[in-house]
Amino acid sequence: MYNKVVMDHFRNPRNVGVIENADGIGEVGNPLCGDMMTIYLKITDEKIEDIKFQTFGCGSAIAVSSMLTEIAKGKPIAEAKQITNKDVAKALEGLPKNKLHCSNLGADALHMAIQDYEDRKAGKKRPETVRDEKHEHTHGENCYCPYCDIEIEEGSTFCKACHSSLEEEH
Amino acid sequence: MKIINLDQISSKPLLAEVKAAMIDALNKDYHNPSSQHKSGEAAAEALEKARNSVSELINAAMPKEVVLCSGGTESINHAIKGVALANADKGKHIVTSNIEHNAVIKSLKRLQSMGYKVTSVSVDTKGRVNPREVADAISDTTILVSIMHSNNETGTIQPIEEIAEIAHEKKVIFHTDAVDSVGMVPIDVQKMGVDLLSFSANTFHGPAGTGGLYIRRGTRVFPLLDGGVQKGNKRAGTENLIGIIGMGTAAAVTRQNLDKWSAHCLSLKNKLLKELPDTIDHYIINTHPEHSLPNMVSVSIQFVEGESVMLMLDDQDIAVSTRSACATGSLRASHVLISLGLSHADAQGTLVLSFGKDNTAEEITAFLVALKNAVATLRDISPLYQKTSQG
């Protein structure tokens, strides 16, 4: 199902864990499948000196988290902000079509952690994370194709972007 | 390398006797069973022998009440659409439950798009239907009640005799999807009082692509496939004779060994349930403690995701099934688990473990060791577990 690179990152995930007193924390959840990812950053001289992750999710979600931390580690903040979901999926040499949405979680969590760092630096108070629901609705209330993550019409049974058939309820 | 197969519900391996019977049948170069010459008659004889054997496994009053087909999906489509079309003059209302297989759900959705109405009853936290809810759901226009015998995700068995009686009191046809039950628990269609019962041969060590629909004599059902006059006009098309012979052999061997195999599976299930608390914490058993298949356990392991557990066990050559949304094509949480009241996060960590006659106690021990390691590794990575352990 998964290629060798993905399986290697799943079996031996890099940079797992928590950074105590992190400079930035990003936490995102996928409302569709319940996956959750947290990214911790240690920033020195506007560079990502250290990065760690925790993920509740499938093989693909874990591999994406691991690869993302490898790509981001050591990068200046400005560069890290440019990391996209596609970069992570490409570095993993591809993900199954229906797992591409997992890669979004990674980049979203990183960008959120960087935002958190910048907010703290600017003196903004860190918002309390909502605990009871566990997952933040990263895409708002709209419907997105689970295969390619393009916005789709409520109730549609076909994704016009990637031509996948969809279940009726989304 | 031997794989420990704890995913027997997906398909049970062919019996040696079944393979031998199918190879023998291939070598006999059977003709079309509908042909009237000698070669055709020999084929028809082999076909009827297989049908007899299958009808004995479910204790049908007459072999001709069994329509042999391509498996569970066809059988269920035939039952539901066949009853709906044949009885539309009486009404267009059907009663079912929230935890049925997709073959039932999607057949009913198709009928709903054609103007039929469906009422779906809920289940309790172990997946059982309350027969009184079925009784309340039946109206003057109800033509069919379809409730599964055992659930393919939890193994929970429904009070079928009671529900069949309720349906009959109200003169409504009753169908049960018994795909995961036939070959694992004794099935007696006469005692159960069902009008239609669906089954598939690959759940009793027969070939995939074969199965059947029991139709009690006198039940109004249209065929799904129209064409020739095979099987008394109940299913047109030249029969898959090699497969059917395999199914007949599987049914005969299973019938002889049912009690023994069932008791063996139950001992493995009991061992697993007894030793699980010493292996992991924070889990939910979704299978009914009493009314469930002897060979199935559904367990939701909290703070981990099922596909990851499945991949780690696969690395140890242990095959299990997961009901995590991530592992399904639709990427949605299982409707069965959500109907039991599980949260999306808990549903994500669900493993379905199913045993067969060839599994051993040592394999269960090996599984528990591997499970403990996989869960510990994944919880180390999981942000949810850390939050919980911190209180």
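For the stretch B:282-321, filtered to residues that are among the hydroxyl-bearing types (S, T, Y) and under 18 Å from the mean Cα position of the chain (by Cα), the residue that is nearest to the other protein chains (Cβ to nearest Cβ) is B:S321.
Scanning the stretch A:28-81 for residues that are β-branched (V, I, T), in a strand (DSSP E or B) and more than 7 Å from chain B (Cβ to nearest Cβ) yields A:V28, A:I39, A:I43, A:T44, A:I48, A:I51.
When you scan the stretch A:113-127, do you find a residue that is closer than 16 Å to A:T55 by Cβ, surrounded by 15 or more Cβ atoms within 10 Å (Cβ to Cβ), within 14 Å of chain B (Cβ to nearest Cβ) and modelled with pLDDT of 95 or more, even just one? Lay out the reasoning, then the answer.
Initially, the stretch A:113-127 is screened for residues closer than 16 Å to A:T55 by Cβ, giving A:113.
Now drop any that are not surrounded by 15 or more Cβ atoms within 10 Å (Cβ to Cβ), which leaves A:113.
Next cut, within 14 Å of chain B (Cβ to nearest Cβ) only: A:113.
Keeping just the survivors that are modelled with pLDDT of 95 or more gives A:113.
Looking through the stretch A:113-127, at least one residue is closer than 16 Å to A:T55 by Cβ, surrounded by 15 or more Cβ atoms within 10 Å (Cβ to Cβ), within 14 Å of chain B (Cβ to nearest Cβ) and modelled with pLDDT of 95 or more.
Highlighted here are the helices (runs of 4 or more DSSP H) found entirely within the stretch B:330-383 that include at least 3 residues which are touching a residue at least 24 places away in the same chain (Cβ under 8 Å), touching a Leu at 6+ places or on another chain (Cβ under 8 Å) and farther than 28 Å from A:G17 by Cα: B:361-381.
Can you say whether B:A252 is farther than 20 Å from B:L6 by Cβ, touching a residue at least 60 places away in the same chain (Cβ under 8 Å) and not polar (S, T, N, Q), as far as the supplied structure shows?
Yes, satisfied.
When B:T125 is tested against (1) of a type outside the set (A, V, I, L, M, F, W, C); (2) at pLDDT 95 or above; (3) touching a Gly at 6+ places or on another chain (Cβ under 6 Å), only condition (2) is not met.
Selection of the stretch B:312-334 for residues being of a type outside the set (D, E) and either under 30 Å from B:D259 (Cα atoms) or modelled with pLDDT of 95 or more (or both) yields B:M312, B:L313, B:Q316, B:I318, B:A319, B:V320, B:S321, B:T322, B:R323. For the stretch B:318-329, the candidate set comprises residues that are in contact with a strand residue (DSSP E or B) (Cβ under 6 Å, 6 or more places away or on another chain) and assigned to a loop (DSSP other than H, G, I, E, B); within that set, the residue that is nearest to B:S11 (Cα to Cα) is B:V320. Could you go through the stretch B:241-261 and let me know if any residue there is over 25 Å from B:N32 (Cα atoms), crowded, with 20+ Cβ neighbours inside 10 Å and of a type outside the set (A, V, I, L, M, F, W, C). Among the residues of the stretch B:241-261, at least one is over 25 Å from B:N32 (Cα atoms), crowded, with 20+ Cβ neighbours inside 10 Å and of a type outside the set (A, V, I, L, M, F, W, C), which makes the answer yes. The residues of the stretch B:325-344 that are within 11 Å of chain A (Cβ to nearest Cβ), polar (S, T, N, Q) and within 19 Å of the chain's Cα centre (by Cα) amount to a single one, B:T328.
The values are calculated or read from the model by the stated rules, or taken from the named source; none is laboratory data. Source: prediction; values computed, not measured. We place every Cβ from the backbone using ideal geometry, glycine too, and count neighbours over all the protein chains shown.
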